[in-house]
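For reference, the structure is listed below as structure tokens.
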Amino acid sequence: MEGETDIQFVKATKESVFSFLNEARVEVVIAKAGYFLDEVNALLDLAKKGVRCNLYVDCTENAIRYGFGEQKALEKINENIELLNVQTANFIRMAILIVDETVMVYSPVALSWEDMPKHIDFPNGLIGGSNLAGSLLRQIK
């Protein structure tokens, strides 16, 4: 991000989310309805490199049922609850990913009733600078 208050629309894909996540050097705060095993493994790799990870996990069973994540990922999170600083919340339906001082907010795909699109025509998320990231972080914690 060029400036602290810049906001830009993005087409959030699995690849762009991983690319954004891999930029973390200090801290990751992520709140999503559900997680996939490869995401959890990436977060564990970051945590083992000294990046502080804070996960917010939807505590309802519907998140997995609706296709927002995988049961195996939830099991892996439970095995690493302290390393990932896991907290639960009810009814998370947007994905918020704060990496150091930048934030990505996007709408995840509910895989139980729609397929992951091969091409995204219209932005499904946004990236914001440190002002937006800080504001959202204060509201989450």
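Taking residue 91, is it within 16 Å of the chain's Cα centre (by Cα) and at pLDDT below 90?
yes
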Item to complete: Please indicate, with yes or no, whether at least one residue in the stretch 17-37 is modelled with pLDDT of 90 or more, among the hydroxyl-bearing types (Ser, Thr, Tyr) and within 10 Å of the chain's Cα centre (by Cα).
Response: yes
Response to the item:
Restricting attention to the stretch 126-140, the residues that are touching a residue at least 40 places away in the same chain (Cβ under 8 Å) and either within 15 Å of the chain's Cα centre (by Cα) or on the phi > 0 side of the Ramachandran plot (or both) number exactly 6
Item to complete: Consider residue 12 carefully, then state whether it is at pLDDT below 90 and in a helix (DSSP H, G or I).
Response: no
Practice prompt. Evaluate the following for residue 61: is it open to solvent by 50 Å² or more (accessible area, probe 1.4 Å) and modelled with pLDDT of 95 or more?
Written response: no
Worksheet item: Name the residues in the stretch 1-58 that are basic (Lys, Arg) and buried (at least 16 other Cβ atoms within 10 Å of the Cβ), would you?
Response: 32
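The values are calculated or read from the model by the stated rules, or taken from the named source; none is laboratory data. The structure displayed is predicted, hence computed values, not measured ones. Note: ideal-geometry Cβ built from the backbone for every residue, glycine included; neighbour counts use all protein chains shown. Calculation scope for accessible area: heavy atoms of the full protein, side chains included, ligands and nucleic acids excluded. Shrake-Rupley method; radii C 1.70, N 1.55, O 1.52, S 1.80 Å.
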